[in-house]
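Read the figures in this text as sums done on the coordinates, not as results from a lab. The structure presented is a predicted model; accordingly, all values stated were derived computationally and were not measured. A quick note on method: Cβ atoms are made from the backbone with ideal geometry, for glycine too, and the neighbour counts reach across all protein chains shown.
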């Protein structure tokens, strides 16, 4: 049965909910003590995985925290308590740590897990709204997430309580992240498809052009021949090398335009006479993000990739960086 509310009442109710939930989160700060510190140190030293469980709304919170832990360097998985009672407890081993979310601390499916968890030998952390509950009493550690009231008008639907669980779970995850010394490059490793992951993982050699797509010509090559080779490779430039195969220059369409003054037929000139000498280069093991910064700062579109001996190993075009999704 629905009850129509005026716009002003809807707005007041929404603000009231946010204030109640904000107050619930702020109330948790008083509950962060030496017990929390012991839990973080314990988790940091644990050799197993962190397995999270919870029933109903608390289960959704447990799934989110498990995902956060996994993405920040702590191997974790979510275990549905009902499924656990029907065989999935086989996933749990002695070295694992179980974190159980329950506001009441008396959730039937969670309580039934307790004797089996103890028999397996796993340690148990309770994230609970009642520190005198069965779950809290049987846990090795307990984190108090009790709230004074739910944001629900009936005081029944989990709202402020699940918000408190979520915030406490995030606090746990971030504190553990810092305790382990987890860094940006570690984060990127677990997020290879994201922009940050690409910036910190993707190397020049991963996206550079090689083989026929990387035109390399000798210094004495004629401009017309170089242009044909660039066209065939569908590139924007050619790397120019000396008799030892060492890069000495680059020839781009910019070089061509600069010499199209109409006075000299440049197509038969040697490429060394109109190339850009001693061009900016980059090594293949450098990050692609560094190459992009060089291209942008130098206002160029291509950069030759060289090996330790200064010989061309590839070619990187700004379009390659765009296709890789770095920008």
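Can you tell which of 183, 12, 49 shows the greatest fluctuation in a Gaussian network model of the chain with Cα springs below 10 Å?
Judging by the Gaussian network model, the answer is 12.
Give the calculated FRET efficiency between residue 9 and residue 224 to the nearest 0.05, with a Förster radius of 56 Å applied to their Cβ-Cβ distance.
0.10
Please give the helix 108-120 orientation as an angle from the longest Cα principal axis of the chain, in degrees from 0 to 90, rounded to the nearest 10.
Approximately 70 degrees, to the nearest ten.
Once you sort the root eigenvalues of the Cα gyration tensor of region 201-323 as a ≥ b ≥ c, which label holds: rounded (a/c under 1.5), prolate (a/b larger than b/c) or oblate (the other case)?
Prolate, since a/c reaches 1.5 and a/b exceeds b/c.
Pairing the Cα long axis of helix 34-45 with the longest principal axis of the chain, what angle in degrees results, from 0 to 90 and rounded to the nearest 10?
50
What ranking of 55, 275 emerges when the number of other C-beta atoms within 10 Å of each C-beta is taken as an exposure proxy, fewest first?
55, 275
If packing is taken as the average count of other Cβ atoms within 10 Å, what order do 243-255, 66-78 fall into, highest mean first?
Descending mean neighbour count gives 66-78, 243-255.
Tell me the angle of helix 288-298 to the major Cα principal axis of the chain, expressed in degrees between 0 and 90 and rounded to the nearest ten.
50
Taking the chain as a Gaussian network, Cα atoms linked when under 10 Å apart, which of 31, 308, 272 shows the biggest mean-square fluctuation?
308
Given 0.36 nm per residue, what is the gain on full extension from residue 180 to residue 231 after removing their alpha carbon distance, in nm?
13.2 nm
On a C-alpha basis, how far is the centre of region 211-246 from the centre of region 113-187 in Å? Whole number, if you could?
The distance from the Cα centre of region 211-246 to that of region 113-187 comes to 63 Å.
For the chain, what is the percent of antiparallel DSSP beta bridges, rounded to the nearest 5?
Percent antiparallel among DSSP bridges in the chain is about 40.
Looking only at Cα atoms, what is the convex hull volume of region 7-182 per residue, in Å³?
Dividing the Cα hull volume of region 7-182 by its residue count gives 117 Å³.
Give me P(r) over the chain, computed from all C-alpha to C-alpha distances, binned every 20 Å, as integer percentages.
Final binned percentages: 25, 31, 23, 19, 2.
If packing is taken as the average number of other Cβ atoms within 10 Å across a peptide's residues, how do 21-27, 208-214 rank, most packed first?
Per-residue Cβ counts within 10 Å, averaged per peptide and sorted highest first, yield 21-27, 208-214.
For region 1-77, what mean projected area does the convex hull of the alpha carbons give, in nm²?
Projected over every direction and averaged, the Cα hull of region 1-77 covers 8.0 nm².
Taking only C-alpha pairs under 8 Å that are 6+ residues apart, what is the relative contact order of the chain in percent?
For the chain, the relative contact order is 14 percent.
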